[in-house]
1. Where residues in segment 29-81 are of a type in the set (Val, Ile, Thr) and surrounded by fewer than 13 Cβ atoms within 10 Å (Cβ to Cβ), which of them is nearest to LYS92 (Cα to Cα)?
2. Do the conditions hold for ALA28, that is, is it out of contact with any helix residue (DSSP H, G or I) (no Cβ under 8 Å at 6 or more places or on another chain) and modelled with pLDDT under 65?
3. Taking the condition more than 16 Å from LEU63 (Cβ to Cβ) and aromatic (Phe, Trp, Tyr), does PHE109 pass?
4. Check segment 77-91 and report whether any residue there is in a loop (DSSP other than H, G, I, E, B), closer than 18 Å to GLU40 by Cβ and assigned by TED's automatic domain parsing to the domain that holds GLY39.
5. Do you know which of the residues in segment 31-76 that are hydrophobic (A, V, I, L, M, F, W, C) and part of a loop (DSSP other than H, G, I, E, B) is modelled with the lowest pLDDT?
Amino acid sequence: MVKGSGSASWSTRTIVALMVVSVLVLQAAYVHAATYTVGESNGWTFNAVGWPKGKQFKANDVLVFNYDPRRHNVVVVNSGGYNNCKTPAGAKTYTSGHDHVILSKGQNFFICNFPGHCEAAMKISVTAV
């Protein structure tokens, strides 16, 4: 019986150790995520289209959109929606004025869909590696 309980104890310790390592790996990925304020001190506003230039984004980085929700919003769109300033059906829309959006790997597109705003370059395209 002692032999069997020692084996069970080893298995429990192994499982606990694996769980701890898994949590540490997940936390390490989160710790390495950067937070970017779109438009810096100007916030999410007109002529934002050039803001991402020169920045290196990674998947799980966070974009913070600060704006007056009575005048703007943030809409996650596809490339067609970005290029044509059109909101696809079912697009995720943020309206809090202080939105945190986690980047997915690949291209991420955002527009303001208030009339004329996207056309006034209130849109950004961000590529996350």
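The values are calculated or read from the model by the stated rules, or taken from the named source; none is laboratory data. Just so it is clear, the model here is predicted, and its values are computed rather than measured. In this analysis, Cβ positions are derived from the backbone assuming ideal geometry, glycine residues included, and neighbour counts consider all displayed protein chains.
1. Only one residue fits best here, namely THR35.
2. Here the answer is yes, as ALA28 does meet what is asked.
3. Criteria not met by PHE109.
4. Within segment 77-91 (the criterion being in a loop (DSSP other than H, G, I, E, B), closer than 18 Å to GLU40 by Cβ and assigned by TED's automatic domain parsing to the domain that holds GLY39), the answer is no, since none of the residues qualifies.
5. Result: ALA33.
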